[in-house]
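Reading through the structure tokens given below for one structure.
The values are calculated or read from the model by the stated rules, or taken from the named source; none is laboratory data. Everything numeric here is computed off the predicted structure, so don't read it as measured data. Here Cβ is always computed from backbone atoms with ideal geometry, including for glycine, and neighbour counts include all displayed protein chains.
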Amino acid sequence: MIKLVLLIPTLDHSGAEKQFSLLATRLPRNEFDVHAVTLTRGGPYESMIQGAGVRLTNLNKRMKFDPLALWRLRSLLEAERPDILHSWIFAANAYGRLIAGKRGRPRVVVSERCVDSWKSPWQLWLDRKQIGRTTRLVGNSQSVTAFYRSLGVPPEKLAVIPNAVEVPSGPRADRDQALAEFEIPPGSRVVGFAGRLARQKRVHDIVWAMQLLKQLTDRVYLMLIGDGPERSSLTDLARHMGCEHLVRFVGHRDDAARLIGLFNVFWLASDFEGMSNSIMEAMAAAVPVVASDIPPNRELVVDGQTGFLVKVGDSVGIAQFTDRILADPALAQRLGETARERMQTNFSVERMVSLHAELYRQVLAEGQSPCAG
């Protein structure tokens, strides 16, 4: 039995936390003894983890650097004596490697979920300092591992395990009835975005694209799922351009995946990502995607087959490709079905879990080798 501690800052309703929870609850119980640990607090995914019978502990970190939380983590690892500590996201990666990385056991695996150009100099310095305490760094895309290779992580310590998505099954809800909640008339077409309303997402480009799209076609609305620091300026922009009556800011939604399934086209204009869970949810729901042509999006969207890619900042391209999809139902169906099939084949939860399980076996086998270290 492989003893595994999974460590993450929170269980908030976000992409990394969903992947963490899927992994924690789906690893085979006959091989893995899993203990999920949050550094700061729980969140919506607590019920999913506890409902699956997985142990869950919160270390109650209160400050950026909290010696008491470090002590609790050290005590937990000494009591548990896990074979592997697998941490996710910067704070957990820093705390986990600080406590466990200088020892032979547990083996330390860290997950990075984004091309972290946002990190401050001291955070990047700490990442570099802790390379020697890292057994494996897992990125969710080739772009993420390339970024960390540029920071000095040796290629042999890097692994890519893509995010996973659950492909919906069963009958869909009545679309017109669902859209009525947002005062969208029956028979309307909906384009949309889901994610944090933050600068990296370039949602301003999406609002501009909506302004252009409404000149090309009618009965189309834009739904923006999520919240963030850019919401006020986006509301002002929509009002300034005279398309605010066609834009629905619906805020954070626990049923975001269901709403994405109502879209005719999904939009993502980001200038950097790790691997977009929202694109994956759209593709799994057979929704065509128009997204920015950046490396992580190219790992998901096959241009012309499952959607279309445009240059970063190209609002005109977003509007033109969307108009083409809306005007051609056969094209929309072909793009959507191919996208759904791609998610089922290459990005299933079963595949993600299997790749993690194999990684854990590999790092333990290396640790047992007479030549290891």
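For the reader, a short list of remarks on this structure follows.
- If you go through the stretch 191-210 and pick out every residue that is assigned to a helix (DSSP H, G or I), at pLDDT below 95 and not basic (Lys, Arg), you end up with 1.
- Selected residue [surrounded by fewer than 17 Cβ atoms within 10 Å (Cβ to Cβ), closer than 20 Å to Pro329 by Cβ and touching a residue at least 12 places away in the same chain (Cβ under 8 Å)] from Thr217, Thr235: Thr217
- Any chance Val250 is among the β-branched types (Val, Ile, Thr), within 24 Å of Ser21 (Cβ to Cβ) and touching a Leu at 6+ places or on another chain (Cβ under 9 Å): yes
- Of the helices (runs of 4 or more DSSP H) lying entirely inside the stretch 273-360, those containing at least 1 residues that are farther than 22 Å from Arg113 by Cα and in contact with a helix residue (DSSP H, G or I) (Cβ under 6 Å, 6 or more places away or on another chain) are 315-327, 329-346.
- Val108 being closer than 28 Å to Arg26 by Cβ, part of a loop (DSSP other than H, G, I, E, B) and aliphatic (A, V, I, L, M): no
- When the stretch 285-332 is filtered for residues that are surrounded by fewer than 24 Cβ atoms within 10 Å (Cβ to Cβ) and of a type in the set (Gly, Ala, Ser), the ones remaining, listed by number, are Ala285, Ala286, Gly304, Gly313, Ser315, Gly317, Ala327, Ala330, Ala332.
- Filter result for Lys102 (more than 18 Å from the chain's Cα centre (by Cα), surrounded by fewer than 19 Cβ atoms within 10 Å (Cβ to Cβ), modelled with pLDDT under 95 and not polar (S, T, N, Q)): yes
- Here Gly192 fulfils each of the conditions (1) surrounded by fewer than 23 Cβ atoms within 10 Å (Cβ to Cβ); (2) under 13 Å from Val250 (Cβ atoms); (3) of a type in the set (Gly, Ala, Ser) apart from (1).
- Filter result (touching a residue at least 24 places away in the same chain (Cβ under 8 Å) and closer than 23 Å to Val349 by Cβ) within the stretch 147-175: Ala159, Ile161, Pro162, Asn163, Ala164, Val165, Glu166, Val167, Pro168, Arg172, Ala173
- Applying the criterion of being in contact with a Gly (Cβ under 9 Å, 6 or more places away or on another chain) and among the hydrophobic types (A, V, I, L, M, F, W, C) to the residues of the stretch 157-177, the residue that is farthest from Trp88 (Cα to Cα) is Ala173.
- Single residue of the stretch 8-40 satisfying the filter (of a type in the set (A, V, I, L, M, F, W, C) and touching a Phe, Trp or Tyr at 6+ places or on another chain (Cβ under 7 Å)) that is surrounded by the fewest Cβ atoms within 10 Å (Cβ to Cβ): Ala16
- So Arg26, is it in contact with a His (Cβ under 6 Å, 6 or more places away or on another chain) and either outside the structural domain of Met280 (by TED's automatic domain parsing) or closer than 22 Å to Arg361 by Cβ (or both): no
- Search result, residues across the stretch 34-92 that are in a helix (DSSP H, G or I), acidic (Asp, Glu) and closer than 28 Å to Val144 by Cβ: Glu46
- Residue within the stretch 130-146 that is in contact with a strand residue (DSSP E or B) (Cβ under 7 Å, 6 or more places away or on another chain), free of Cβ contacts under 8 Å to residues at least 24 places away in the same chain and either in a loop (DSSP other than H, G, I, E, B) or among the aromatic types (Phe, Trp, Tyr) (or both) present: no
- Filter pass, Ala291 being outside the structural domain of Cys114 (by TED's automatic domain parsing) and touching a residue at least 40 places away in the same chain (Cβ under 8 Å): no
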